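Input: a single structure, listed below in structure tokens.
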There are 2 protein chains.
Amino acid sequence: MRDLSSDSRFLSVNTVTVREQGSLSVIIDAVAEAGIPGISPWRDQVQACGTAEAARRIRANGLVVTGYCRGGWFTGRGRDGFQAAVDDNLRAIDEAAALNAQCLVMVVGGLPEGSRDLHGARALARDGLATVLPHALACGVPLAIEPLHPMHCAERACVNTLAQANDLCDELGEGAGIALDVYHVWWDPDLESQIQRAGKTRLLAFHVCDWLIPTRDGLFDR
Amino acid sequence: MRDLSSDSRFLSVNTVTVREQGSLSVIIDAVAEAGIPGISPWRDQVQACGTAEAARRIRANGLVVTGYCRGGWFTGRGRDGFQAAVDDNLRAIDEAAALNAQCLVMVVGGLPEGSRDLHGARALARDGLATVLPHALACGVPLAIEPLHPMHCAERACVNTLAQANDLCDELGEGAGIALDVYHVWWDPDLESQIQRAGKTRLLAFHVCDWLIPTRDGLFDR
């Protein structure tokens, strides 16, 4: 077995993990200085820096943008807020394209405020992905659907298993893929078979993140 | 559609929910006085009261014991602690029989301390159930396997979906069934199909419990 522990070719820093340590400019410099080839910036950090300026700095440092975090959130305001969510995703796709990101990570959203209609939320999530996919394809930005742990089903993402993400990819076709985070999927009895089903072309991002007992992920509460 | 909201025939109070309000004797009297026909007592409460005395009080009040909580916990100490876990489950089955319980609710246990071998833990859980099943059958106490929410996979139960519980029932055969708690399974994309697969005979208990955002279930931390 190949020892990958000192092989940093596939490493990328998700900028949410160092949010408290400095601005995106500071993070970009630190990542490059550490010899890490990839970066996965978050939207609010990019917007604070300015998309063009962030793209320029990332390019100047020779970093690869392995993913842009995050699009999605199609469901929170129900059908009434659907168009606004779509419009915001179209902008996120444009930003991802400007950053030359390898994918846009999609956290689809949970139940609409006050709703318990999980089937409806899942349908809305699928409709959102299908609606923005043509623009993503035109911009050359694959959509990486990220299944989130079932504990986030109500408030963040109603796509909670790799099987669901694979089903969505089957339905959506070209331009749809998956972002797989160990933290969210480790418990899944079907994990191995669904990873095989996804295969190399569909797995657009692989996130590593510890599961602690009790778990805490306040970091991502935005 | 029949209005079940004022129909208490299927109601049963899980005694963990009123643990802070009084001893098992107090709870038994209060449940009977409220006209609720069922009770589902926890082991520590029964043991504090004495099993024979608890059985007598429950019988005297005309209550049905819809389930005894909880057996399982086969995995926490790995293979080394397996026999002790089995022995404890045999005692739990005896207590359930003394209480004339309709089932023994099984929370199978999570990962062994310090282990990340999820496949091993799941095999140990299956072995535990298979080992105690003959005694359960002999005592007339069905084992109700309870899938717990995936957020409890590491520390409480590595059976996390209704599909897993159904697979276990297929494997174990007579005497094995399922306790289904809305709190633990509501997010499952396969919920409806797996409920149909389980059917009436396999579903031994149905628990209702709110999912709050953020969720808190410190109540059950024992």
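Summary of values
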{"quantity": "Conditions (1) open to solvent by 40 Å² or more (accessible area, probe 1.4 Å); (2) more than 17 Å from A:Leu111 (Cα to Cα); number of the one not met by A:Ala84", "calculated": "(2)"}
{"quantity": "Subset of the range A:133-168 that is small (Gly, Ala, Ser) and within 20 Å of A:Thr215 (Cα to Cα) - its residue that is farthest from the other protein chains (Cβ to nearest Cβ)", "calculated": "A:Ala157"}
{"quantity": "Residue check for B:Gln194: touching an Asp or Glu at 6+ places or on another chain (Cβ under 8 Å) and either within 14 Å of chain A (Cβ to nearest Cβ) or within 25 Å of B:Pro41 (Cβ to Cβ) (or both)", "calculated": "yes"}
{"quantity": "Which numbered condition A:Ala101 misses (of (1) part of a loop (DSSP other than H, G, I, E, B); (2) of a type in the set (Gly, Ala, Ser); (3) under 24 Å from B:Met151 (Cα atoms))", "calculated": "(3)"}
{"quantity": "Selected residue (criterion: farthest from A:Met151 (Cα to Cα)) from residues of the range B:169-190 that are within 12 Å of chain A (Cβ to nearest Cβ) and out of contact with any strand residue (DSSP E or B) (no Cβ under 9 Å at 6 or more places or on another chain)", "calculated": "B:Asp190"}
{"quantity": "Residue in the range A:209-220 that is within 14 Å of chain B (Cβ to nearest Cβ), farther than 23 Å from B:Gly110 by Cβ and aromatic (Phe, Trp, Tyr) present", "calculated": "yes"}
{"quantity": "Residue among B:Ala101, B:Ala48, B:Ala34 that is closer than 19 Å to B:Leu204 by Cβ, more than 14 Å from every other protein chain (Cβ to nearest Cβ) and either in contact (Cβ under 8 Å) with a residue 12 or more places away in the chain or open to solvent by 50 Å² or more (accessible area, probe 1.4 Å) (or both)", "calculated": "B:Ala101"}
{"quantity": "Residue list for the range A:110-129, restricted to those being open to solvent by 50 Å² or more (accessible area, probe 1.4 Å), away from chain B (no Cβ under 11 Å) and outside any loop (DSSP other than H, G, I, E, B)", "calculated": "A:Arg126"}
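The values are calculated or read from the model by the stated rules, or taken from the named source; none is laboratory data. Keep in mind it's a predicted model, so treat the numbers as computed, not measured. Note that we place each Cβ from the backbone using ideal geometry, even for glycine, and neighbour counts take in every protein chain shown. SASA here: full protein model, heavy atoms, side chains in, ligands and nucleic acids out. Shrake-Rupley method; radii C 1.70, N 1.55, O 1.52, S 1.80 Å.
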